Amino acid sequence: MSREKILAAVAQNKPTLTPLPEIQNFGNPYANLVEQFKTVLTAIGGEVVYVKDWEEIRAYIQTHFGGRRIVTNIDPLADVAQESWIKSDPHSLEDVGLAILKGQFGVAENGSIWVTETEMGQRVTPFIAETLALVIQKSELVPKMHDAYVRIGGERYGFGAFIAGPSKTADIEQSLVLGAHGPKSMLAFLMD
């Protein structure tokens with residue numbers, strides 16, 4: 001069956017759209033969203049770095065990631081990373097040592113950060129780099145996933161993902177392996 005016939009059959013048999021359910025607000029059970037976010041992300045293998053501005057991020061990158069291929073689509077970091085990768089073949093990103101991207105907001109409950117294809121540059125970027133760094137404002141933390149869904153429910157985007165920590169699996173001989181199908185490490189720059 002041709003691709004066109006398959007896509008036509010799928011389009012013809014789509015279910016009718018239904019409105020999103022009303023999401024209950026469970027409040028904020030955390031005394032400190034920043035500390036809760038850090039505790040959870042650290043527990044699942046990520047790292048949190050507190051920064052005041054782009055200059056502190058630049059200094060951190062130069063100290064910890066020198067000599068690696070670095071990509072970003074964040075203008076203030078253009079001098080420490082490549083910017084020409086966005087329109088290149090996604091396969092050319094196979095040797096990226098560090099990808100630095102903006103996140104829209106973070107979720108304290110599970111240490112995840114919401115990133116859409118707008119921030120990704122290319123959809124593969126956060127999943128192919130050896131290390132993924134996401135930058136968010138401390139003020140952009142929400143307590144729970146319920147709050148996150150309220151926030152993204154009315155937005156228009158083609159692709160988005162909640163990303164929490166490095167890639168990991170325990171399927172390989174029942175031992176935890178980091179970086180099996182994505183970044184080996186993740187850090188979140190929490191900016192004032």
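Given S175, S185, which one is without any contact (Cβ under 8 Å) to a residue 60 or more places away in the chain, open to solvent by 10 Å² or more (accessible area, probe 1.4 Å) and either among the hydroxyl-bearing types (S, T, Y) or at negative phi (or both)?
S175
Among the numbered conditions (1) at pLDDT 90 or above; (2) surrounded by fewer than 18 Cβ atoms within 10 Å (Cβ to Cβ); (3) not in a helix (DSSP H, G or I), the only one that V135 does not meet is (2).
Here T39 fits the description: open to solvent by 80 Å² or more (accessible area, probe 1.4 Å), β-branched (V, I, T) and modelled with pLDDT of 95 or more. Contact map, the stretch 127-138: residues that are under 17 Å from L77 (Cβ atoms) paired with residues that are part of a strand (DSSP E or B) and open to solvent by 60 Å² or more (accessible area, probe 1.4 Å), Cβ distance under 7 Å, separation 6+ or inter-chain. Pairs shown: V135/K102. Only a single criterion out of (1) of a type in the set (S, T, N, Q); (2) within 16 Å of the chain's Cα centre (by Cα); (3) part of a loop (DSSP other than H, G, I, E, B) is not satisfied by N28, namely (2).
Hey, does the stretch 146-155 have a residue that's touching a residue at least 60 places away in the same chain (Cβ under 8 Å), open to solvent by 50 Å² or more (accessible area, probe 1.4 Å) and among the aromatic types (F, W, Y)?
Let us first name the residues in the stretch 146-155 that are touching a residue at least 60 places away in the same chain (Cβ under 8 Å), namely 146-147, 149-150, 153.
Next cut, open to solvent by 50 Å² or more (accessible area, probe 1.4 Å) only: 146, 149-150.
Then keep just the ones that are among the aromatic types (F, W, Y); that gives 149.
Checked against the condition, which is being touching a residue at least 60 places away in the same chain (Cβ under 8 Å), open to solvent by 50 Å² or more (accessible area, probe 1.4 Å) and among the aromatic types (F, W, Y), the stretch 146-155 yields at least one hit.
Here A108, A164, A99 are screened, and the one residue that is farther than 23 Å from G27 by Cβ and either touching a residue at least 60 places away in the same chain (Cβ under 8 Å) or open to solvent by less than 10 Å² (accessible area, probe 1.4 Å) (or both) is A99. Is one or more of the residues making up the stretch 118-128 closer than 29 Å to N25 by Cβ, surrounded by fewer than 18 Cβ atoms within 10 Å (Cβ to Cβ) and under 17 Å from the mean Cα position of the chain (by Cα)? Yes, the stretch 118-128 contains at least one residue that is closer than 29 Å to N25 by Cβ, surrounded by fewer than 18 Cβ atoms within 10 Å (Cβ to Cβ) and under 17 Å from the mean Cα position of the chain (by Cα). Tell me which residues, restricted to the stretch 59-81, are over 23 Å from F37 (Cβ atoms), buried (at least 18 other Cβ atoms within 10 Å of the Cβ) and of a type outside the set (A, V, I, L, M). Of everything in the stretch 59-81, just one residue is over 23 Å from F37 (Cβ atoms), buried (at least 18 other Cβ atoms within 10 Å of the Cβ) and of a type outside the set (A, V, I, L, M), namely N73. For the stretch 82-95, does any single residue satisfy the condition of being open to solvent by less than 50 Å² (accessible area, probe 1.4 Å), under 25 Å from A59 (Cα atoms) and assigned to a strand (DSSP E or B)? No, that holds for no residue. The numbered conditions (1) touching a residue at least 60 places away in the same chain (Cβ under 8 Å); (2) open to solvent by 60 Å² or more (accessible area, probe 1.4 Å) are all true for G46 except (2).
Among the residues of the stretch 154-186, those identified as in a loop (DSSP other than H, G, I, E, B), closer than 14 Å to A43 by Cα and of a type in the set (G, A, S) are A164, G165, S167.
The values are calculated or read from the model by the stated rules, or taken from the named source; none is laboratory data. Computed from a predicted structure; not experimentally measured. Glycine gets a Cβ as well: all are built from the backbone with ideal geometry, and neighbour counts include every protein chain shown. All accessible areas refer to the heavy atoms of the entire protein, side chains included, with ligands and DNA or RNA removed. Shrake-Rupley method; radii C 1.70, N 1.55, O 1.52, S 1.80 Å.
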